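Visitor: Handing you this structure, nothing more for now.
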Amino acid sequence: MSQDKKIKLLILVASLGYFVDIFDLVLFNVVKLESFKDIGLTELQIKVAEIDIFNYQMTGMLLGGLLWGILGDKVGRVSALFGSILLYSVANIANAFVHSTEWYSIWRFVAGFGLAGELGAGITLVSESMKREERGIGTLIIVSVGALGAVGASLAGTYLTWKGAYILGGIMGLALLLLRFGTMESIMFKKINQKENISRGNFFMIFRSLKSSWKYIACILIGLPIWYSIGVMINLSNRYGASFGMTDKINVGKSVMFCYIGLSVGDLLSGYLSQLLKSRKKVIGIYLIVLLAVTIFYHLNKSTNPVYYTWMSFAIGMGSGYWALFAINAAEQFGTNIRSTVANTVPNFVRFSVVPITLSFGYLSEKWGLLSSGLFVGIICILIAFVSLLTLKETFSKDLDYVE
């Protein structure tokens with residue numbers, strides 16, 4: 001197989017892997033009520049379980065990101081990629097057969113642990129395998145295809161039982177393992193793997209200096225607005241509709257679906273703009289400004305039209321569509337010996353940030369009301385991201401063949 005075909009296969013595997021990743025991540029929110037009722041939970045138990053089990057999943061992702069990142073730097077990117085796919089596929093299937101909240105929590109933790117490794121491993125592989133001027137294209141394909149996994153989860157939750165939807169996610173993941181044998185390992189990783197004097201996968205190396213520590217933290221902070229948008233404006237769209245006086249409830253699953261369609265389109269456009277402007281920072285900055293405008297408009301334009309929320313969900317997704325650039329920017333900031341560790345942990349720290357973001361929103365909403373607190377938290381997240389972005393160096397066409 002030629003090098004060009006191997007790279008295309010690599011992008012295909014990483015794209016489909018991230019599709020299943022997002023499918024599983026969103027699926028829990030789509031089928032949780034049906035599944036909770038089926039295992040016999042009362043309304044009061046459901047309110048407790050949906051928060052607890054979600055937190056188990058996000059904790060699994062936080063810990064999994066660290067482990068898969070270190071493994072990617074120590075044993076190889078391909079091993080981390082397919083190990084994570086195998087784990088979350090098995091967990092998905094197991095989720096279809098739970099009969100208690102205890103086992104539901106355990107398998108969502110395992111699924112989250114597995115999900116944490118796919119995106120970082122895929123982006124690291126693609127970044128190190130493609131030409132420096134073109135690697136952004138590979139990443140935007142991965143993220144754009146992956147975002148459509150949310151659409152798949154919404155459709156699966158609509159047309160299948162909750163058990164069938166979980167089993168489908170597991171089968172899709174296991175099917176990807178068949179493509180493993182044609183997937184190549186990163187040449188950059190192979191080079192440093194042959195050298196015994198290079199420390200690989202040492203998480204604490206990131207914090208060896210104040211400059212390196214801040215660079216890592218800044219990479220995380222520029223992603224905060226994305227998960228603010230999903231965690232507050234989209235996941236709580238039903239509460240926004242009610243606060244505006246709507247008599248019909250907003251379908252949160254529909255809001256999630258249109259948001260991720262917007263994310264997919266936004267990631268494609270941001271990747272194109274990055275190639276056109278030859279910059280990651282400029283495009284992320286443009287998206288942060290757009291997202292700020294969308295956030296303000298969403299909170300101030302008090303509409304009771306359901307169609308408005310559909311289009312606003314799409315617009316929020318579009319404004320948040322710099323996830324691909326955010327992910328590749330983090331991978332490009334550090335050397336080959338800790339690149340996988342960074343690429344895996346940064347997105348999962350951002351995903352976990354939805355917990356403190358929503359807790360802050362919940363605390364403030366009791367004092368200020370939903371709209372004022374939502375707007376305040378959103379503006380703060382965007383301002384933090386913008387300031388953090390200004391402190392990072394441009395990485396477009398940067399040579400990645402170096403070690404820390």
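The values are calculated or read from the model by the stated rules, or taken from the named source; none is laboratory data. Bear in mind the structure is a predicted one, so any value in this text is a computation, not a measurement. Neighbour counts run over all protein chains shown; Cβ positions are idealised from the backbone, glycine included. We work out accessible area using only protein heavy atoms, side chains counted, and drop any ligands, DNA or RNA first. Shrake-Rupley method; radii C 1.70, N 1.55, O 1.52, S 1.80 Å.
Visitor: Give the residues of the range 69-108 whose amide nitrogen is closer than 13 Å to a point set 7 Å from the Cα of LEU179 in the direction of its Cβ.
Guide: 82, 85
Visitor: How big is the range 129-265 on each of its three principal axes, counting only the C-alpha atoms and giving the largest first in Å?
Guide: 66, 42, 30 Å, listed from the longest principal axis down.
Visitor: Below 8 Å, C-alpha to C-alpha, sequence gap of six or more: please give me the relative contact order for the chain in percent.
Guide: It rounds to 25 percent for the chain.
Visitor: Another question about this same structure. Could the peptides 70-81, 284-295 be put in order, highest first, of the mean number of other beta-carbon atoms found within 10 Å of their residues?
Guide: 70-81, 284-295
Visitor: Over the range 187-327, what is the relative contact order in whole percent, taking alpha-carbon pairs under 8 Å and six or more residues apart?
Guide: So the answer I get is 32 percent.
Visitor: Okay, next question. Mind ordering 6-15, 139-148 by average Cβ neighbours within 10 Å, highest first?
Guide: So the peptides 6-15, 139-148, ranked by packing, come out 139-148, 6-15.
Visitor: Ok, one more. Which whole DSSP H helices in the chain pass both tests: a Cα extent of 30 Å or more along the axis and a mean Kyte-Doolittle value no lower than 1.0?
Guide: 252-277, 370-391
Visitor: Distance from the Cα centre of the range 318-342 to that of the range 218-251, in angstrom?
Guide: A separation of 24 Å, based on Cα centres.
Visitor: On average over all directions, what projected area in square nanometres does the range 339-404 have, based on the convex hull of its Cα atoms?
Guide: If you wrap the Cα atoms of the range 339-404 in a convex hull and average its projections, you get 5.8 nm².
Visitor: Moving on. Test of understanding: express the Cα radius of gyration of the chain as a ratio to 2.2 N^0.38 Å, with N the residue count.
Guide: Here the Cα radius of gyration is 0.94 times the empirical estimate.
Visitor: Keeping every protein chain present and rolling a 1.4 Å probe, give me the accessible area per residue for the chain in Å².
Guide: Result: 40 Å² of accessible area for each residue.
Visitor: Sticking with this structure for a sec: Per the Kirkwood treatment, what hydrodynamic radius in Å, one decimal, follows for the range 41-87 from the mean inverse distance over all distinct Cα pairs?
Guide: 12.3 Å
Visitor: Across 5 Å bins from the origin, how do the percents of Cα pairs in the range 210-257 run, short distances first?
Guide: 5, 20, 19, 15, 11, 9, 8, 7, 5, 2, 1
Visitor: Using mean Cβ contacts within 10 Å as the protection proxy, how do 186-197, 302-313 order, highest first?
Guide: Going by the mean number of other Cβ atoms within 10 Å, highest first, we get 302-313, 186-197.
Visitor: With 28 Å as the limit, write out which pairs from LYS190/LYS398; LYS191/LYS398; LYS8/LYS398; LYS190/LYS281; LYS131/LYS393 have Cα-Cα distances beyond it, or answer none.
Guide: LYS190/LYS281
Visitor: Accessible area of the chain with a 1.4 Å probe: how many percent of it is carbon plus sulfur?
Guide: 68 percent
Visitor: Mind checking the full-extension length gain between TRP103 and LYS211? Use 0.36 nm per residue of separation minus the Cα-Cα distance, one decimal, nm.
Guide: Using 0.36 nm per residue and subtracting the Cα-Cα distance, I get 34.6 nm.
Visitor: Highest GNM mean-square fluctuation, the chain, Cα pairs closer than 10 Å: which of TYR18, TYR104, TYR363?
Guide: TYR363
Visitor: Based on alpha-carbon atoms only, what is the radius of gyration of the range 46-197 relative to the globular estimate 2.2 N^0.38 Å?
Guide: 1.14
Visitor: Based on the alpha-carbon gyration tensor of the range 233-364 and its eigenvalue square roots a ≥ b ≥ c, which shape applies: rounded if a/c is under 1.5, prolate if not and a/b is larger than b/c, or oblate?
Guide: prolate
Visitor: Anyone know which of ARG135, ARG208, ARG339 comes out most mobile in the 10 Å Cα GNM of the chain?
Guide: Most flexible of the set in this elastic network: ARG208.
Visitor: Let me ask something additional. Just subtract the alpha-carbon distance of ASP38 and GLN275 from 0.36 nm times their residue separation and send over the number in nm, one decimal.
Guide: Full extension from ASP38 to GLN275 adds 80.4 nm.
Visitor: When the chain is fully extended, how far beyond the present Cα-Cα distance does LYS254 get from PHE204, taking 0.36 nm per residue of separation?
Guide: 13.8 nm
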